[in-house]
Each structure stands twice: as C-alpha cells, then as structure tokens.
Amino acid sequence: MSLRVKILGSGTANGFPSPFCDCETCRRARASQDPRDLRRRTSYLIDDDTIVDFGPDAYWQSVTYGVELHRLRRILHTHRHGDHINPELLTYRRTGWSMNHTRLKLFASKPTLIALQTWALQNEGVRSFGEMDIDDVCLAAGHAVTDGDLDILPLAAKHHHIEALVYLLARNGRSVFIGNDSGYYPEETWKALEGRHIDLAFLDATFGLFKADYDDDHMGAATTLRVVQRLRDMGCLTDASQVFGIHFSHAGHALHRELEAFFAPHRVRAACDGLEVYVP
Ligand SMILES: [Zn+2]
Ligand SMILES: [Zn+2]
Ligand SMILES: [Zn+2]
C-alpha cells in the first residue's frame, strides 16, 4: 500500500502573490504563465481521508482538486494562525447545512481547539464540536496518538511564541514529515526524530531566497537546506527520501522555477499547488 500526498496549497498567510502588494515578485507572479507561481494557503491531503491544515482556501481547494470532504475522516492542525484554520467552514457540517457525511476527527493543540470553538460560538452560536459532528482530540508535542492505521507524532515547532506543531505521520510503514510554520526546529524535536525514518518531508521555506538564512519563526531556503542536512546526517532522510520546501512567501523574492533551481543541486524540490507525491 503506497502513501499519497496531494498539495492543496503551498503559500503563506497572504497567498502568493500577496493581495495588496505591488512588489516586483508579486508583479512577476501575476504576469507569469506558469500556474506554479500562484499559491493558495498551505494544506495537504493524505490518502483521501486526512487533511493537514484546513485554511481560508479550503472550500475552493476541495472543489478544484476534487476532494470529497464528506469522506474525510480527520483534520490535523499545525497551529491557530488564520492561514491554517477555517472554523466557518466546519460549522457547515451542522444539520441543515450538510447531510450524509461521516463523523470527523479533529486533532490540534489546546489553543487551536479553543480558537476554533470560540469562533464557532461567537459567530454561529455553536456550543460544541459535537454539534458539528466532530470529535476533537487534544494533542501535545511529543505525545504520539494512533487513529485507525495512522500514527500521529506531534512535535514542537518554533513559531511566534505560540503552541505550534509539526507532524511525523506514518501509515503502512511509510512516513511523511509535515514541517511548515517553524523556524529551525527546537532541540526537543530533533531529539524525538532520532532513529526515525522519513520517506517524504515538507519543510518550511517561507523566506525563500531573499532572507535565505532566516531561522526564527519560519525558515529561508538556506535554513531549509541546513535542516535537510541534519536529517540526512541523522539517517532520518536517506537517498530514497523525497524532500520539498513549502509555505512560500512573496517576501522570498523567488518564483517557482527559481526556487527549484536553488534546491535542485541538493536533491530538494519546491512544492507547488496540485502536486501529487507517492511513497511506493
Ligand atoms: Zn502559515
Ligand atoms: Zn509582493
Ligand atoms: Zn503561522
């Protein structure tokens, strides 16, 4: 059984190009004939039943890419920033808005669960996740959970002093690391990754080629490569592993082809919307 990941979005909070921005990168992105230069907010579909990060573009991402949301079994959230959550869309799971869907499990840290619940209560009068046919599961960094055949290991990210998670997910002996919205990972996360194998990795590369060495709340592309090297040195990534940068901002001053050219000598690729990756 292979593992399949489809990239539903590969951009930052403001999308790519940035809506009110007239910088050279945004201008070039708008004029580009390459559809890979348009980036929705970062989101991943794993094997048709799991989505990681379900943000403001989730509705059109599902329609564009033929994702049947009524079949979805679980959503995992990395953190509560607005580009990664979409509480309004979840409220349309209620009776009257939605018929015949399977129950959904929602995995997130406590602050993210509170943010979702608070929005639903204040704006739609929804008092519980149960009203939306959702079972919420509270995650803490370093504490693994298993749901069906999916092993979920949430790990600490370094991101604007909020509780943000990255994930190592494993199913049928295949593993994918979801590492967006973090600076250079905290030491506790590196320690937890010791001895683990990663078949497929998506690593933050928000600040692209402009602030390439940035490593605080996000990463620039040179920091992404520093992470790749450490994961290779640790044996987590092998020659067979596939590695991608993701969560690209216009502030990285690079279009898709330029990011690909920067990463290529290091056997790393740039993710783009609609990309489908298989682990055989
Ligand atoms: Zn983000
Ligand atoms: Zn711009
Ligand atoms: Zn964020």
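Using only helices, what value at 222 nm comes out for the chain when you add -39,500 (n - 2.57) per DSSP H run of length 4 or more and divide by the total residues, to the nearest 500 deg cm²/dmol? When only DSSP H runs of four or more count, the value is -6500 deg cm²/dmol. Under a Gaussian network description of the chain, with springs only between Cα atoms under 10 Å, the residue in Gly15, Gly148, Gly195 that fluctuates furthest is Gly148.
Taking the 1.4 Å solvent-accessible surface of the range 111-152 as the whole, the part contributed by carbon and sulfur is 48%. Solvent-accessible area of Lys6, all protein chains in place: 40 Å² (probe radius 1.4 Å, heavy atoms, ligands and nucleic acids excluded).
The alpha carbons of the chain give a radius of gyration and a Dmax of 17.9, 53 Å, in that order.
Applying a DSSP loop filter and a limit of 16 other Cβ atoms within 10 Å to the trypsin sites (Lys or Arg not before Pro) in the range 12-77 leaves Arg73. Among the GluC sites (Glu not before Pro) in the range 187-276, those placed in a DSSP loop whose Cβ has at most 16 other Cβ atoms within 10 Å are Glu194. In the context of the full set of protein chains, residues of the range 118-272 present 41 Å² of accessible surface per residue (probe radius 1.4 Å, heavy atoms only). Once the gyration tensor of the Cα atoms in the range 16-109 is diagonalised, the equivalent ellipsoid follows with semi-axes of 29, 14, 12 Å, ordered largest first.
Size descriptors for the range 49-100: radius of gyration and Dmax over Cα atoms are 10.9, 30 Å.
Taking the charge dipole of the range 3-279 about its Cα centre, with +1 at Lys and Arg Cβ atoms and -1 at Asp and Glu Cβ atoms, the residue from Ile246, Gly82, Leu8 reaching farthest to the positive side is Leu8.
Scanning residues 5 or more positions from Asp135 or on other chains, those with amide H under 5 Å from its amide H are Leu104, Lys105, Leu106, with H placed 1.01 Å from N in the peptide plane. Taking the convex hull of the Cα atoms, report for the range 1-160 its projected area averaged over all directions, in nm². One quarter of the hull surface, i.e. the mean projection, equals 11.2 nm².
The H on the amide N of Ala254, modeled in the peptide plane, is under 5 Å from the matching H of Leu209, each at least 5 residues off or on a different chain.
Within the listed set Asp217, Asp147, Asp204, the Gaussian network model of the chain (springs between alpha-carbon atoms below 10 Å) gives the highest mean-square fluctuation for Asp147. Using a simple spin-label model with pseudo-atoms 7 Å out from Cα toward Cβ, Glu187 and Gln122 lie 3.8 nm apart.
Would you tally the net charge around Ala222, using a Cβ to Cβ cut-off of less than 10 Å, leaving Ala222 out, and scoring K and R as +1, D and E as -1? Summing Lys/Arg as +1 and Asp/Glu as -1 gives 0. Once the chain from Arg30 to Thr238 is taken as fully extended at 0.36 nm per residue, the excess over their C-alpha distance is 71.2 nm. Treating r as the C-beta distance of Asn172 and Phe210 and R0 as 41 Å, the FRET efficiency rounds to 0.55.
Partner lysines whose Cα lies under 19 Å from the Cα of Lys191, excluding those fewer than 8 positions away in the same chain, are identified as Lys158.
The values are calculated or read from the model by the stated rules, or taken from the named source; none is laboratory data. Keep in mind it's a predicted model, so treat the numbers as computed, not measured. Every residue, glycine as well, gets a Cβ built from its backbone with ideal geometry; the counts of neighbours run over all protein chains shown. Protein only, heavy atoms only, side chains kept; ligands, DNA and RNA dropped before computing areas. Shrake-Rupley method; radii C 1.70, N 1.55, O 1.52, S 1.80 Å.
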